[in-house]
Amino acid sequence: MLLDARSPADVTQAAQVLARGDLLGLPTETVYGLAADAGQDAAVRRIFAAKGRPAEHPLIVHVVAAPDVTEFAREVPDFAQRLMAAFWPGPLTLILPRRADRAAVAAGGQDSVGLRCPSHPAAQAVLRQARTLGVLGVAAPSANLFGRVSPTTAAHVQAEFPALAVLDGGACEVGIESTIVD
């Protein structure tokens, strides 16, 4: 199912897909992600299964804004706060100590979690709408089979996952994954 990011009703539908624990093809400024509610372990496991990705390979959790980092990180060092102020929203992922009660499956069982705030307007709209439905963050690795080229259009995602709901936000501006700072 292809949803149009320019349609408020479709953005709402995309947020509802996430809230009910289903997977969504989500545009970001870097690449399209295979998104699920980071707080629903079963949904996150479906990402690993759909991609054929080993469960110990951590996923990045996307949040609406810098204040939401504390939903997943047990501490946010000064350097991370400065980087968020300078580069978020944008293609920067920060690896931070993970709260023990959050996103263990998305983090691949590690004590840290990768967090990012995408700048793509469609991603922001879905994240904001999903937050109102109780979704605190969205795990979203690239929407491709493990080891394949990352998708930069909704058509690429549909070709890889024909049954997936995909929010079409146009071609990705950056076209490669975000920079990661640990």
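Details
- In segment 127-164, the residues that are of a type in the set (Phe, Trp, Tyr) and either open to solvent by less than 70 Å² (accessible area, probe 1.4 Å) or out of contact with any helix residue (DSSP H, G or I) (no Cβ under 7 Å at 6 or more places or on another chain) (or both): Phe161
- Residues that are modelled with pLDDT of 95 or more and either surrounded by fewer than 19 Cβ atoms within 10 Å (Cβ to Cβ) or touching a Ser or Thr at 6+ places or on another chain (Cβ under 9 Å) (or both), drawn from segment 165-177: Asp168, Gly169, Gly170, Ala171, Cys172
- Residue check for Val113: more than 19 Å from Pro27 (Cα to Cα), assigned to a strand (DSSP E or B), open to solvent by less than 10 Å² (accessible area, probe 1.4 Å) and modelled with pLDDT of 95 or more: yes
- For segment 8-21, a residue qualifies if it is open to solvent by 30 Å² or more (accessible area, probe 1.4 Å) and out of contact with any strand residue (DSSP E or B) (no Cβ under 7 Å at 6 or more places or on another chain), and the qualifying residues are Pro8, Ala9, Thr12, Gln16, Arg20.
- Looking across Ala159, Ala154, one residue alone is in contact with an Asp or Glu (Cβ under 6 Å, 6 or more places away or on another chain) and of a type outside the set (S, T, N, Q). It is Ala154.
- Counting the residues of segment 44-66 that are crowded, with 24+ Cβ neighbours inside 10 Å and either more than 10 Å from the chain's Cα centre (by Cα) or polar (S, T, N, Q) (or both) gives 1.
- Filter result for Asp168 (on the phi < 0 side of the Ramachandran plot and more than 16 Å from the chain's Cα centre (by Cα)): no
- Any hit, segment 23-36, residues being open to solvent by 10 Å² or more (accessible area, probe 1.4 Å) and over 24 Å from Val174 (Cα atoms): no
The values are calculated or read from the model by the stated rules, or taken from the named source; none is laboratory data. Since this is a predicted model, take the numbers as computed values, not measurements. All Cβ positions, even for glycine, are placed from backbone atoms using ideal geometry, and neighbour counts span all protein chains on display. Remember, those area values only see protein heavy atoms, side chains included, never the ligands or the DNA or RNA. Shrake-Rupley method; radii C 1.70, N 1.55, O 1.52, S 1.80 Å.
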